[in-house]
Amino acid sequence: MNTCSRNDLSASVACIIDDLAEQGWSLQTHFIAPTLTHALAEECRKRAAAGLLVQAGVGRSALAVVSEGLRGDHIQWLEAGQSGACDQYLAVMDELRQALNQALFLGLEDFESHFALYPPGAYYKKHLDRFRDDDRRAVSVVFYLNEQWQAEQGGALRLHLADGCLYDVWPQAGSLLVFLSADMPHEVLPATRERLSLTGWLRRRGYGPL
Ligand code: OGA
Ligand code: MN
């Protein structure tokens, strides 16, 4: 199982490459500096307070339907140029994208990401991050923003691994979870407190109908 939890970005990226090649997923517990993590959490809370986060849909954006039974998070998509913290995060993700392309020849072309806020009790049932009619999402990347998360507060991201084992990731600030989108069923368990994250996908060029 993976063991890397170093502070330096290039060392973390090297661990992610090894882990993805070996097991299809990677957890880095101190991926970026606490000051940037904190600024991203503040940005997420500010947007939520301004009413900018909306109930997430399911399916491709144009056709998305709100399905309360499947997922209960509220989201806002990131765009470049909106805030310094978000731009720094997007720059780090672009470094990761280029490193994965160089080492694993994944042909990743872009990155899409949204803030997600799960109110207490909200969950996202077991799913895959791939749409039936759109195979561009290749690598899922979830960055957590919650300081001092306690296990008894719930809210794990539960991975359903290929060998049938379950692996729970706590949404602790600074942790980055990366996995191959096509192969990893996962779910978000309900928590007793608000749960913030930046969830995103590194995408290939699409070959299916748009
Ligand atoms: C998703 C998802 C995981 C998380 O948005 O597809 O699985 O921990 N999110 O927020
Ligand atoms: Mn998902």
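Odds and ends about this structure:
- Rough spin-label spacing in nm, given labels placed 7 Å along Cα→Cβ, for His127 and Asp94: 2.9 nm
- Here's how it looks for Arg130: its modeled amide H is under 5 Å from none belonging to a residue 5 or more places away or on a different chain.
- Once the chain from Ala151 to Ala49 is taken as fully extended at 0.36 nm per residue, the excess over their C-alpha distance is 34.1 nm.
- Fraction of accessible area attributable to carbon and sulfur, the chain (%, probe 1.4 Å): 52 percent
- Couplings for the stretch 134-146, taken from phi via the Karplus curve 6.51 cos²θ - 1.76 cosθ + 1.60 with θ = phi - 60°, read 7, 9, 6, 5, 10, 10, 8, 9, 10, 10, 9, 10, 9 Hz in order; Gly and Pro are left as x.
- Relative contact order %, the chain, counting alpha carbon pairs below 8 Å whose residues are six or more apart: 26 percent
- The residues of the stretch 9-204 present an accessible area of 45 Å² per residue when probed at 1.4 Å with all protein chains retained.
- Gain on full extension, evaluated as 0.36 nm per residue between Ala80 and Tyr167 minus their Cα-Cα distance, stands at 28.0 nm.
- The share of C-alpha pairs in the chain whose separation exceeds 23 Å stands at 42 percent.
- In the chain, helical runs assigned H by DSSP with n ≥ 4 each contribute -39500 (n - 2.57); averaged across all residues and rounded to the nearest 500, the mean residue ellipticity at 222 nm is -8500 deg cm²/dmol.
The values are calculated or read from the model by the stated rules, or taken from the named source; none is laboratory data. Note that the structure is a prediction, hence the values are computed from the model and not measured. When we count neighbours, we look across all protein chains shown, and the Cβ atoms used for this are built from the backbone with ideal geometry, even at glycine. Accessible surface is based on the protein model in full, side chains and every heavy atom, while ligands, DNA and RNA are left aside. Shrake-Rupley method; radii C 1.70, N 1.55, O 1.52, S 1.80 Å.
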